[in-house]
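Notes follow the structure.
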Amino acid sequence: MKRDLISMEYWREAHLLPLLCPSDVFYVKYARKVRDRIKKADFERKLTLDDMTEIALTLTYYLEDVVSGLGVWHSFVVEHKRMYGRYLPFYDTPEESYYTDEVNEADVRFLIWMIFQKRNKGVIVNPENSYLQQLAHDIFSLLDQDFECVPVNSELLEAMKNPVLYQEFYNLKSLMVQICCMSYLFYYFTAQHRTRVAHFVERIVGEGKSLSVIEYLTESFLGVYEKTGPLAQKPQEWISRMLESWNMKEEAEAVARMDAREIQPYLIVRCDEDKVFLEDWREEHFELSISDMLQVQPEMVARQKVMIGALVKYKGKWYPNGGITWQAQEGRFQKYKEQSVENEQKKRRITEKILHANAGSPLLFFKDYADMKQWLDLNVPDEDLADKTEDQTDVHAQEKNILAFVSSETGLLVLPRGACCVAHKDNPYYQPDEAGEYGLKILFDPDYSVPEVVRYLVQENLLPDAALHSETSSERGKQLLHSNIDFLLRVIRPDF
């Protein structure tokens, strides 16, 4: 969506369906009008032309969505209210004055904040920033003024409500990929997964695949498997709520029940003229129709031992999602299975031993690396911890106030300086003066912590000093963070 120009091509690129609509001309012109208003409203001159274009397009898509009843925005605010008891985070949205089928100033504030947040990696943008609020107020006044004159995109709405889209997986998949990879509310979130998913796909299917194949598999994965959007939910969950808003209950239930499995090797147990029967490393079984695989013949499948791909279950039937790679030997599957089983068992063994030695608590606090190594060598003498306990004291000499966390999902996780911000009764290294900074790091830096430790610390309220920067007061910064902490984690952390 980073465009200096606002053209018809760019407008249609991010539509929910690749459809030519009579209202497109109006909305392209209106997006330019919104950008002109942004230029005048940018009183602090903080925005580039690219920033202005991105905000203008996002808010014009939002306007079209709300006016036409397309359901994207509606699915977000209704689900947010179900989860948190109010339509939006941060802002006052009482039911008597907030209308889900009209434009609201709080909506505009949120969307501008979302764009700034996604474009400022490593920084948490305060949603009460006075510049953002004034900018939102000026733009909202334009949207509100023109709301009654904006055309309804009935063609797009009717196309989205076409039951044919939801009859079988492949039609639905194209819609899921388009909505989650291109639409205004999800693009920013899906984009941050793209590089990681592409590397994962390449590692699983093997190097040497063409860029177009990797891209196709990546988009197939993003559009079905990865969580996205400001509530970090899977694409089928978002689309199911859109269908609910159109009163398409049967389709909504079918989409909501979709089950997706990530790309991995599957052992071919047997095949016949119509079906291929697979087994994954957990020994779960799957049945696929050969007719659902493009240009694949039963006699070719009969010569194979392993299928590498992703699977999706829709309306009780499993489908391959994206391209498929075949292998005539079992070696790749057996190696993947052995590694997966060993990783799970290793994490489980480490967790059980540390929990036993630590009175059942998953948290450990150490003065420095040498202190941690001594405790682990004494209490958990195990080759599984060789990478944590081998003699590297000199290398880790600067690591102080260490927080360690253990679970069967993570194994042992070590966070240097993490102990300084954890207000735990057994933590002698808690330092209130540094707790705010490192609390934010634990919460929101995916390169420093993992979701499991964050969930535990939040659940136990062990990071009370973490706070957003606030123009009002430090207490307001704490209040704003902790009253929206679950939502902020979903928005900011791509792994949450």
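Readers should treat all values here as calculations from the given coordinates under stated rules, not as data from a laboratory. Here the structure is a predicted model, which is why all the values come from computation and not from measurement. Counting neighbours? That spans all protein chains shown, and the Cβs are built from the backbone with ideal geometry, glycine included.
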Taking R0 as 45 Å, what's the FRET efficiency between SER7 and PHE200 from their Cβ-Cβ distance, rounded to 0.05? 0.85
Taking 7 Å along the Cα-to-C-beta vector as the label spot, tell me the ALA256-SER289 distance in nanometres, rounded to one decimal. 2.6
Only loop residues by DSSP count here, and only those with at most 14 other Cβ atoms within 10 Å; note down the GluC sites (Glu not before Pro) in region 13-120 that meet that. GLU44, GLU95, GLU96, GLU102
Return a whole-number percent for the relative contact order of the chain, with Cα pairs under 8 Å and 6 or more residues apart as the contact set. 11
For region 1-54, state which chymotrypsin sites (Phe, Trp or Tyr not before Pro) are in a DSSP loop and have at most 13 other beta carbons lying within 10 Å of their beta carbon. PHE43
How far, in nm, would the chain grow between SER473 and LYS400 when pulled straight, counting 0.36 nm per residue and subtracting the alpha carbon separation? 23.2 nm
Which whole-number percent is the relative contact order of region 237-380 (Cα, under 8 Å, 6+ apart)? 18
Provide the packing ranking of 234-242, 474-482, i.e. peptides ordered by the mean count of other C-beta atoms within 10 Å per residue, highest first. 234-242, 474-482
Between the alpha-carbon centers of region 417-496 and region 287-345, tell me the distance in whole angstrom. 42
HN-Hα J in Hz across region 461-467 - Karplus 6.51, -1.76, 1.60, θ = phi - 60°, x for Gly and Pro: 6, 9, 10, x, 8, 4, 7
The long-range amide H neighbours of LYS400, using H built 1.01 Å from N in the peptide plane and a cut-off of under 5 Å, are ARG417
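Net charge near MET248, counting Lys/Arg +1 and Asp/Glu -1 over other residues with Cβ under 14 Å of its Cβ?
Net local charge, MET248 excluded: -2.
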Give the share of C-alpha pairs in each 5 angstrom bin for region 45-121, from 0 to the last occupied bin, in whole percents, shortest bins first. 3, 14, 24, 25, 18, 10, 5, 1
Kirkwood Rh, Cα Rg: Rg to Rh for region 259-335? 0.92
Quickly work out the ASN171-to-LYS46 label distance, labels modelled 7 Å from Cα along the C-beta direction, and quote it in nm with one decimal. 4.6
Summing -39500 (n - 2.57) over the DSSP H runs of n ≥ 4 in the chain and dividing by its residue number, what mean residue ellipticity at 222 nm do you reach, to the nearest 500 deg cm²/dmol? -15500 deg cm²/dmol
Around MET160: net Lys/Arg minus Asp/Glu count, Cβ-Cβ under 14 Å: -4
Paramagnetic reach from LYS209 (point 7 Å along Cα→Cβ, amide N under 15 Å) across region 255-278: 261-266
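Checking a compactness column here: for the chain, what do you get for Rg(Cα) / (2.2 N^0.38 Å), N being the number of residues?
Dividing the Cα radius of gyration by 2.2 N^0.38 Å gives 1.09.
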Would you work out if region 8-159 is rounded, prolate or oblate? Take a ≥ b ≥ c from the square roots of the eigenvalues of the alpha-carbon gyration tensor; rounded if a/c is under 1.5, else prolate when a/b is larger than b/c, oblate otherwise. oblate
Quick check on my link table: of LYS335/LYS441; LYS425/LYS478; LYS317/LYS337, which ones sit more than 27 Å apart, alpha carbon to alpha carbon? LYS335/LYS441
